[in-house]
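Below: one structure, written as structure tokens.
Taken together, the values in this text are just the output of simple stated rules run on the coordinates, not laboratory data. Model, not experiment: these values are computed from the prediction. Note that we place each Cβ from the backbone using ideal geometry, even for glycine, and neighbour counts take in every protein chain shown.
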Amino acid sequence: MAAETSNPPEENESILTSAPRQAVRPFLRVLEGIGSCLRLLLEAARHIPTLPRQFGRFIEQCYLIGYTTLPIVAILSFFIGSVLALQSGYAAANIGPKQFIGLLVGLSMARELGPVMAAVLLAGRVGSAIAAELASMKVYQEIDALETMNIPPARMLVLPRLAAVLAMMPVLTIMSDLVGWFGGAIVAKYTHFISIEPASYFATMRQYMDFGDVLNGLVKAEIFGFAVVLVCCNIGLNTRGGPREIGASVTRAVVTSLILILVLDYFVTKALM
Amino acid sequence: MNPSASVTSPRQGSAAVGVSVEGLSKDFSGFPVLRGISLTVNPGEIFVLMGPSGSGKSVLLKHVVGLERPSAGRVLVDGHDAADPATRGRVRMALVFQAGALFNSMTVYDNLALYPREHRLGTEAAIRDKVMRSLQMLSLENAAGKVPAELSGGMRKRVAIARALVMEPQLMLYDEPTSELDPVMSATISEVIATLREQYHVTSIVVSHDRDLALGIADRVGILMGGRLVSLGPPADLRAPSDPRVADFLNPSIDLRNPRFRRLAG
Ligand SMILES: Nc1ncnc2c1ncn2[C@@H]1O[C@H](COP(=O)(O)OP(=O)(O)OP(=O)(O)O)[C@@H](O)[C@H]1O
Ligand SMILES: [Mg+2]
């Protein structure tokens, strides 16, 4: 009750000073978030030498991140590849060279959609689970207990997850690329207004693409995946309150991850050009 | 169950540590919870802290382990500032949380084994030994494979105590260790606390409303009310408290004609 009486001082301030403050508050919160993520990253990095003896946790996280996300990445990538082939075939029907469909699907998947799809699904499946688990550990004082035991949460909970996502993102992305390419090939063969043979579809891909395009996508995927896991860990660990706040943290973790993926996508794409 | 069949092997560098609380104040968003508390707990002492619900006992314990930062004043553990995270590396201390704070995704066994494993205190076999002895002390052998969700409230409390014992701390903080236990188990906990002091010179701060515990094992008893320490002395003082508030807290009369909740409302 008495806590509420501490609010009025803020309201007493003049409208002139409070309006600009309202405007900058979102920016401040973004900066705060970036700051606390970087602090968590540094703290986790300090414990890198302990990684070999946390091998069990690393493998467990690889399983959770990789194995559980793989099927859904495959399904989605198949349809993304198919739809890319369909749309470009539709466009090419009027202006000509249909064999470039292979190149178009190949490049889009490798450089853009493979890594983005893998990261988006990672945010939905793994990021939400991480945020929920760590938020619940925080709310039920398990994080406090770890701290009194002098076991840094960054070492035991964050570091193995960051290492695991770095190991698994290339796997997820290559899976996504391959399945997307094959989805495109199947659609290209069996759609009546396209109907190009897989051989010629893959031939243009081989001719005009090189491993650099795939590598470019892998670099992006590593950056997105790492950022998603770091942000979700940070949001989970900074949860305060009760069960409702656990839910709010999960939502915030997923939404922040999705925004972050798209914002990073622009800057990383530009930087890699 | 005989507490002298100890959990602990002789430990290295386990000089007893003292705690001194100096003018400690804490407020949460302007609402004062602790208001200038000063007290010293001597090395090897068993200090019992009592006080009404909401008087700030748990908050005080959290300051001692460095989970809360003081608004004013400070807490020293063995001469080191408790708010400094490095203090946890210098002094082994364990807090038995009021709600247990067990790791819900781990079995009871793994809850206990986590500390020695993470700090690499011996082989897996030695850790197993230590964990099983600690579970036996609290009659929990059969719960080793269960996860916290499968335990009763009192069992959870005992697992929390067993987990703290495995840490072989120099300073033990208990937040209401006997509140959910039956009388025999409560007596066992009192015996465990006293034995740790006898054999290993462990300093203990026990938040408890258990008068048998206070009279049986405490060296001194402090009473916290409204964020202030209103009474501090040997447990015998509890029998004849001088402060009327303390007297009413310790021996509340049940008056059906003029019940407390009406008195407060009116
Ligand atoms: N993190 C927090 N944020 C805000 N207020 C808090 C916080 N922790 C404790 N308080 C407040 O501090 C006061 C003292 O709480 P504390 O948990 O120390 O009580 P207690 O003496 O342990 O009571 P009990 O015997 O019921 O466990 C309460 O009024 C509580 O609302
Ligand atoms: Mg309490």
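Computed values, structure above
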quantity: For the stretch B:105-217: rounded, prolate or oblate by the Cα gyration tensor [a/c cutoff 1.5]; calculated: oblate
quantity: Protection proxy ranking, peptides A:129-142, B:146-159, average beta carbon neighbours within 10 Å, highest first; calculated: A:129-142, B:146-159
quantity: Within a Gaussian network of chain B (alpha carbon springs, distance under 10 Å), most fluctuating of B:Val96, B:Val230, B:Val19; calculated: B:Val230
quantity: Value of relative contact order over chain A, rounded to a whole percent, pairs C-alpha under 8 Å and six or more apart; calculated: 30
quantity: Estimated FRET transfer efficiency when R0 is 51 angstrom, pair A:Tyr63-A:Met273 (beta carbons, to 0.05); calculated: 0.90
quantity: Taking A:Leu41, A:Leu262 and counting other C-beta atoms within 10 Å, the order from fewest to most; calculated: A:Leu262, A:Leu41
quantity: Whole-Hz ³J(HN,Hα) from phi, Karplus 6.51 cos²θ - 1.76 cosθ + 1.60, for the stretch B:40-47, glycine and proline x; calculated: 10, 10, 6, x, x, 7, 10, 10
quantity: Kirkwood Rh, Cα atoms: Rg over Rh of the stretch A:51-272; calculated: 1.09
quantity: Kirkwood Rh, Cα atoms: Rg over Rh of chain B; calculated: 0.98
quantity: A:Leu42, B:Leu102, B:Leu67 arranged by Cβ crowding within 10 Å, fewest neighbours leading; calculated: A:Leu42, B:Leu67, B:Leu102
quantity: Rounded to 10°, Cα long-axis angle of helix A:128-139 versus longest principal axis of chain A; calculated: 10
quantity: Amide proton proximity set for B:Gly73, modelled H, under 5 Å, gap of 5+; calculated: B:Ser25
quantity: C-alpha long axis of helix A:15-46 to longest principal axis of chain A, angle in °; calculated: 80
quantity: Fluctuation leader among B:Pro235, B:Pro183, B:Pro116 - chain B, Gaussian network, Cα springs under 10 angstrom; calculated: B:Pro183
quantity: Burial ranking of peptide ranges B:120-130, B:186-196, A:212-222 (average Cβ count within 10 Å, highest at the top); calculated: B:186-196, A:212-222, B:120-130
quantity: Shielding by partners - mean other protein chain Cβ count within 10 Å, residues of A:148-158; calculated: 5
quantity: Whole-number Å³ per residue for the convex hull built on Cα positions in the protein assembly as shown; calculated: 219
quantity: Packing-based exposure ordering (other Cβ within 10 Å, fewest first) of B:Ser179, B:Ser134, B:Ser53; calculated: B:Ser53, B:Ser179, B:Ser134
quantity: Set A:Lys98/A:Lys270; A:Lys189/A:Lys220; B:Lys26/B:Lys57 screened for pairs whose C-alpha atoms are more than 19 Å apart; calculated: A:Lys98/A:Lys270; A:Lys189/A:Lys220
